Amino acid sequence: MKNFLPFIAFFAIWYFIFKAIGNSPQHKYSKGFGHAIGILSGVIAFVITIGLIAPTALPNKAESATAEITSKSEYKGIGVSYDQVMQNLDSVFTMESNPLADGTPRMTGQKGLNILEINGGNKGNIDSVSLMVMIPNDNAESVAMSTLLVFILCKNALPEWDAAAKWITSSMDKIGRSKNKDHTSEQIVHGDKIIKVGIVKALGIVNISIRNKDAINK
């Protein structure tokens, strides 16, 4: 956890800079979401400007892995390995086996109220990954940590899409500003992946899921 503190502090500084110059969106419905969007904006600006905080590339095992294939052969993966998704998240989440009702392998981990879930029996090419984070109104440290987890997931699970975090930030902003109570999610197809962002405003919950666009949606 200590390894993340310098990053959290840096992101928080960027957020206050953005707020000071009027670029950080302020949401009447949730101060927490406004802070999260501000921090993510700072992260994106930092990465574009400096080009740092990119996880060390791991070999993509999707093409060569043949072991641990799930019996659900019709399922298509997202093209990244379990180890790749877990980079820099393994110090936060302790993952445990928790198979789905139909027997499909699933690994889950929880840190506080944040939950990471990885599905699929082929660890060289996982079926899907989802991350649920809490964005409270009254805990700046929790907001910063949740935002950092979102950013790391984007870099790990969507390495081919540099604008992933920017799209998630924009989607959170769009949902937050919407006056339609049924507008709770946004999704996009990027390459062969579907990325979905869902928000439960009343509870301060953000859920991000990534799966193959041709896979059966569980």
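For Ala165, work out the one condition from (1) surrounded by fewer than 22 Cβ atoms within 10 Å (Cβ to Cβ); (2) farther than 17 Å from Ile115 by Cα it doesn't fulfil.
All conditions pass for Ala165, except number (1).
For every residue, the table says whether it meets (1) in contact with a strand residue (DSSP E or B) (Cβ under 9 Å, 6 or more places away or on another chain); (2) closer than 20 Å to Lys111 by Cβ.
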{"position": "Val133", "(1), (2)": "yes, yes"}
{"position": "Glu141", "(1), (2)": "no, yes"}
{"position": "Leu153", "(1), (2)": "yes, yes"}
{"position": "Ile168", "(1), (2)": "yes, yes"}
{"position": "Met172", "(1), (2)": "yes, no"}
{"position": "Gly176", "(1), (2)": "yes, no"}
{"position": "Lys181", "(1), (2)": "no, no"}
{"position": "Lys213", "(1), (2)": "yes, no"}
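This table checks each residue for (1) part of a loop (DSSP other than H, G, I, E, B); (2) hydrophobic (A, V, I, L, M, F, W, C).
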| position | (1), (2) |
| --- | --- |
| Ser142 | no, no |
| Glu160 | yes, no |
| Ile175 | no, yes |
| Lys179 | yes, no |
| His183 | yes, no |
| Gly198 | no, no |
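Restricted to region 102-118, and to residues that are surrounded by 16 or more Cβ atoms within 10 Å (Cβ to Cβ) and in a loop (DSSP other than H, G, I, E, B), which residue is modelled with the highest pLDDT?
Pro105
Between a residue in region 74-100 that is at positive phi and any residue that is part of a helix (DSSP H, G or I), which pairs come within a Cβ distance under 6 Å, given they are 6 or more apart or on different chains?
Close Cβ pairs satisfying both conditions: Asn88/Ile152.
So, in region 83-98, exactly how many residues are of a type in the set (Ser, Thr, Tyr) and in a loop (DSSP other than H, G, I, E, B)?
2
Out of all the residues in region 203-218, which are surrounded by fewer than 19 Cβ atoms within 10 Å (Cβ to Cβ) and either more than 21 Å from Leu149 (Cα to Cα) or touching a Leu at 6+ places or on another chain (Cβ under 6 Å) (or both)?
Passing the criteria: Lys213, Asp214, Ile216, Asn217, Lys218.
When the residues of region 175-189 are filtered to those that are surrounded by fewer than 16 Cβ atoms within 10 Å (Cβ to Cβ) and under 17 Å from the mean Cα position of the chain (by Cα), which remaining residue is modelled with the lowest pLDDT?
Among residues in region 175-189 that are surrounded by fewer than 16 Cβ atoms within 10 Å (Cβ to Cβ) and under 17 Å from the mean Cα position of the chain (by Cα), the one modelled with the lowest pLDDT is Thr184.
The values are calculated or read from the model by the stated rules, or taken from the named source; none is laboratory data. Keep in mind that what you see is a predicted model, and the values were worked out from it rather than measured. Quick reminder, even Gly has a Cβ in these numbers, built from the backbone with ideal geometry, and neighbours come from all protein chains shown.
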